[in-house]
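The values are calculated or read from the model by the stated rules, or taken from the named source; none is laboratory data. What you see is a predicted model; the values in this text were computed from it and never measured. Neighbour counts run over all protein chains shown; Cβ positions are idealised from the backbone, glycine included. For accessibility, only protein heavy atoms count, side chains too; no ligands or nucleic acids. Shrake-Rupley method; radii C 1.70, N 1.55, O 1.52, S 1.80 Å.
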Amino acid sequence: MWDVYLFDPSGATSKRFVRVWDWVRRTRVAARHVPDEQPLCCALHPSGFMAALGSSEGLRTYYILRRELLPVVDLPVAKCSVARYSHGGALLAAVGRTNAIVIYPAYYGAGGGASGGSPPTGGSSSHYAQRSSAGDSGRGSGGYSSAAAAAAASGIGTDGACVMRPLFVLKAHVSTVTDLVFSGDDRRLVSSGAGGAVYFWDMSTGARLMELEYVDKQCVYYTACYNDRHAAAVVRTMDGRVQHIQDGQLAYELAGLGNDASPMAITGDGLTAASLGALVPAGGVPGLPLPVVLVDEGLLLAMRERLRAMAAAVTAAQKEAQYQVAKELESLHAAAAEQLEGLYEARLALEGERLAQLAAAKDDLELSLKVCAI
C-alpha cells in the first residue's frame with residue numbers, strides 16, 4: 001500500500017483529496033474529499049489499515065475501509081507539517097507550528113496514551129463516562145469527580161468525539177522541524193531541524209540523548225534517515241550535502257547530492273543511502289578510506305551503457321576463448337590421430353617383415369627335407 005494526498009495549488013477546494021492506493025494492483029483503495037483542509041503531510045500505518053493526515057487545522061487519523069476513509073480522532077497539532085508512524089505501528093510522531101514533537105499512541109485506547117488509559121476499576125471507558133454523567137458527584141464508586149473527568153479519562157470528549165493524550169511532548173527545536181524518523185526497533189527517534197540541529201530521543205522515557213545530538217547552525221537540514229547498523233543518523237542539508245552523524249560527531253560528509261526536496265532512504269544492510277540521482281555510502285569502516293560514489297542522472301545513464309558494453313565484451317571474449325580452446329583441442333586431436341596412424345603403419349611393416357621371415361624359414365625347411373630324402 002502507498003499513501004498520497006493531492007492538493008491543487010490554485011486553491012480549488014474541489015480538488016483536495018486524500019487517496020490510498022494499492023501499489024501492486026495499481027488501483028485506488030479509498031478516497032476522501034477534504035475541501036476545508038489544506039493537506040501538509042500524510043503517513044500510512046505499517047498495517048495498511050490506518051492513515052494520518054496533517055493539515056493547517058491539525059492532525060487527523062483515519063481507518064482505511066473499503067472505498068472509504070473513516071475519521072477516528074483529531075489531534076491538536078496545528079499546522080502539522082511532519083507525521084510519522086513507528087515501524088512497529090504503536091507510535092505516531094507529529095510536529096507542527098510550535099516545533100514541539102508530540103508522540104501519540106497509534107491505537108485509540110492503547111495503554112495509558114489514550115486519555116487516561118483504562119478506567120481504574122475495570123469495564124469499558126464509555127461505561128464510566130455514562131456513570132459519571134448519570135450523577136456520580138465527588139469521588140464515587142466510579143473514581144471520577146465529574147462527567148468531564150470521566151470522559152477525559154475514557155478517551156471520549158464531552159461532545160462524544162475521541163480524545164487522545166500524548167505520551168510525550170519533546171521540546172528542543174527552536175526552528176522548524178523538517179523530518180522525523182524512528183529507529184528500526186522504535187526505541188529511538190531522530191528529528192532534524194532547519195536551525196541545524198539533529199536530536200536523538202529515547203522513546204521509552206521521552207528523554208533527549210544529548211550525547212548523541214549534533215548541532216551546526218550553518219546547516220539547514222531537510223531529510224533524515226536512521227542507520228541501525230551504526231546507530232547513527234544520515235541527514236541531508238538544503239544545499240544537497242549528506243552527513244553521517246554518529247556519537248554526537250560529524251563522521252563524514254558528501255557534497256552535491258540532489259536537492260532539498262529529494263527523498264532519501266537507507267538500504268537494509270545499512271551500507272548505502274539512496275537519494276534521487278545519487279548513491280552514497282552510509283557507514284564507514286574505521287581506519288580505512290571511505291569509498292565515495294557520486295552519480296547524477298547523466299552519469300548514471302552513461303555508466304549503464306558502459307556496463308552493457310562491458311557485458312557484451314565479456315560475452316564476446318568468452319565466445320572467443322571458447323573458440324580458441326576448441327581450435328587447440330582440434331589440433332591436439334589431429335596430432336594424436338596422425339601419431340596413431342604412424343604407429344599403425346609401423347606395426348603393419350613389422351608384421352610384414354615377420355611374415356617374410358617365416359616364409360623364408362619355411363622354404364629352407366622344405367629344401368632340407370628334400371635333401372635328406374635323396
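Remarks
- Identity of the residue in the range 74-95, buried (at least 19 other Cβ atoms within 10 Å of the Cβ) and over 25 Å from the mean Cα position of the chain (by Cα), that ends up nearest to residue 45 (Cα to Cα): 75
- Segments classed as strands (runs of 3 or more DSSP E), wholly inside the range 159-213, with at least 2 members that are closer than 26 Å to residue 229 by Cα and touching a residue at least 60 places away in the same chain (Cβ under 8 Å): 177-182, 188-193
- For the range 217-258, the set of residues classified as outside any strand (DSSP E or B) and over 20 Å from residue 188 (Cβ atoms) consists of 217, 218, 219, 220, 238, 239, 240, 241, 255, 256, 257, 258, listed by residue number.
- Any hit, the range 264-280, residues being open to solvent by 100 Å² or more (accessible area, probe 1.4 Å), in a loop (DSSP other than H, G, I, E, B), at pLDDT below 85 and within 30 Å of residue 221 (Cα to Cα): yes
- Selection count where residues are open to solvent by less than 30 Å² (accessible area, probe 1.4 Å) and more than 20 Å from residue 92 (Cβ to Cβ), scope the range 196-211: 4
- Cross-chain or 6+ apart pairs with Cβ under 6 Å, the range 16-29 first and closer than 20 Å to residue 61 by Cβ, then open to solvent by 100 Å² or more (accessible area, probe 1.4 Å): 19/28; 21/2; 21/28
- Every pair of residues 6+ apart whose Cβ atoms lie under 7 Å, when the first sits in the range 33-53 and is β-branched (Val, Ile, Thr) while the second is assigned to a loop (DSSP other than H, G, I, E, B): 34/16
- For the criterion of being closer than 19 Å to residue 106 by Cα and in a loop (DSSP other than H, G, I, E, B), residue 54 fails.
- Any hit, the range 212-220, residues being open to solvent by 20 Å² or more (accessible area, probe 1.4 Å), out of contact with any strand residue (DSSP E or B) (no Cβ under 9 Å at 6 or more places or on another chain) and of a type in the set (Asp, Glu): no
- Cβ pairs under 8 Å, 6+ apart, first in the range 237-253 and in contact (Cβ under 8 Å) with a residue 12 or more places away in the chain, second open to solvent by 60 Å² or more (accessible area, probe 1.4 Å) and among the aromatic types (Phe, Trp, Tyr): 237/222; 238/222
- Residue match in the range 200-211 (condition: among the aromatic types (Phe, Trp, Tyr) and within 17 Å of residue 81 (Cβ to Cβ)): no
- Qualifying positions in the range 33-49 - assigned to a strand (DSSP E or B) and over 20 Å from residue 81 (Cβ atoms): 33
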